[in-house]
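Quick note: the coordinates plus some simple rules give every number you see, no bench work behind them. Since the model is a prediction, treat every value here as computed from it, not as a measurement. All Cβ positions, even for glycine, are placed from backbone atoms using ideal geometry, and neighbour counts span all protein chains on display.
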Amino acid sequence: MKADKTVLLALTDAHHGFFKGVARYAREHRWHLVTDMIYTAKIPIGWRGDGVISFIGYRDDLAEFLLSMGVPVVEISMVRNDISLPRVEGDNEMIGRLAAEHFLERRFRHYAWAPLMDDTVNGERYRGFANRLAREKFTCHILPPADLPGTAGGTVNWTRRRKLLMRDLQRLPKPLAVFGYNDCVAADIINACEESRLLVPESVAVLGVDNDAILCECLRVPLSSVCHDLEGMAYRAAALLDRLMRGGKAPTEVIRIRPKGLVTRRSTDIVAVDNLPVARALRYIADQFANPLLGVDDIVTASGLSRRQIEKAFRHDLNRTVSEEILLVRLQKVQDLLATTCLKVNEISSLTGFSRPNNLYRCFQHSVGLTPKEYRRKFTRA
């Protein structure tokens, strides 16, 4: 069957989520995708086709080529505001707000932003993060950027940047919450913390963006991450390109794609408290919540305090009992699994410390106001 359209993927420096989104649309609409640039990064001078999906970055040569082609082009980044092309971009300020709210829920008071570089997208994520914190009267320190704009290829003084980063991480007050531009930047923060002998998440909690499971789960401390809908962005960009190739008009504004949520892993799986015995107790709960036999006596032993002392400390620092904290952690894990997996409720029950699925149903509906099935359906629609 003959292809309906021939489309060039000019994605030379982009996430694999973009490839998946375009490929899905291409399968559904009988496109032929020209993917040479993904592997070679070389501009195909003389190529002829129906349209292009691009990620220009800082490549002036690629921008010049795309603008001279005379076919519809859709760009899936906002790095180059000086180039007039239809764009699909993530809602970066919302990504920043989600990150701030995640840390605020965990009672942090000290915050830092870890940028990749000084550009538009970094600025939007920082603005969403810092503005949400400012509403709660908190400020945000800015760590050294991991890269510099306009330096595709070339070299970077990695040693100097690492020294500056470790200096800041050691000097800033603890417990510290660090929001990284993406998972790669956040992984580098975790690595710098290890070199500085700073415990993650007890001293420094770290959050990334993109939820790249391969990267997030291979670290010594698995990384929490905002689910940036890169596949959804690329699918929407392909749909827009299809419309343009058929003679439709380009939108006058950037199309923004909302993040899908946030996946909590160990790097932020803690409540920030200054009381060391309470911090030890919270760490123990985070590690042992899946054990259905976990009880208050186990937490007392882990904290080093008497039962009366630890209950009093929990009331003072968290405004809830030890038993309520155990249930809260379990229910948060249930929500994560409902939102990010296709596991059945009885499977989730066994992974989150509920002795029977009926107990999970009852506790979940009482706390969340929805059944697990209703919660999953609502999250999927969103």
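From the coordinates of this entry, Kirkwood radius over Cα pairs in Å is computed, and it appears in (i) 21.0; (ii) 25.1; (iii) 22.9 under the label (iii). Principal-axis analysis of the Cα atoms of the chain puts helix 357-368 at an angle of about 80° to the longest axis. Cross-linked pairs Lys260/Lys312; Lys163/Lys333; Lys20/Lys249; Lys174/Lys344; Lys163/Lys260; Lys137/Lys163: Cα-Cα separations exceed 32 Å for Lys260/Lys312; Lys163/Lys333; Lys174/Lys344; Lys163/Lys260.
With both labels modelled 7 Å from their Cα along Cα-to-Cβ, the Ser323 to Tyr39 distance reads 6.2 nm.
Could you calculate the contour length gain from Arg243 to Asp4, that is, 0.36 nm times the residue separation minus the distance between their Cα atoms, to one decimal place in nm? Walk me through the numbers on the way to the answer.
On the way: separation 239, 0.36 × 239 = 86.04 nm, distance 1.31 nm.
Gain in length upon complete extension: 84.7 nm.
Reducing the range 11-54 and the range 172-189 to their Cα centroids gives an inter-centroid distance of 33 Å.
In the chain, what % of DSSP beta bridges are antiparallel (nearest 5)?
On the way: 2 of 32 bridges.
Close to 5 percent.
What is the angle, in °, between the Cα long axis of helix 372-381 and the longest principal axis of the Cα atoms in the chain? Nearest 10 is fine, range 0 to 90. For helix 372-381, the angle is close to 30 degrees.
What's the ranking of 290-302, 76-88 by average number of surrounding C-beta atoms within 10 Å, highest first? Don't jump to the answer; show the numbers that get you there.
Values: 290-302: 15.1, 76-88: 18.0.
So the order, starting with the most tightly packed, is 76-88, 290-302.
For the chain, the longest principal axis of the C-alpha atoms and the axis of helix 92-105 are separated by about 10°. Comparing Cα centroids, the range 96-116 and the range 328-378 end up 26 angstrom apart.
With the simple spin-label model, which puts each label point 7 Å out from Cα in the Cβ direction, the Ser68 to Ile83 separation comes to 1.4 nm. The stretch between Met166 and Arg27 holds 45.4 nm of extra length on full extension. This uses 0.36 nm per residue minus the Cα-Cα distance. The protection proxy used here, the mean number of other Cβ atoms lying within 10 Å of each residue, ranks peptides 39-46, 275-282, 345-352 as follows, highest first: 275-282, 345-352, 39-46.
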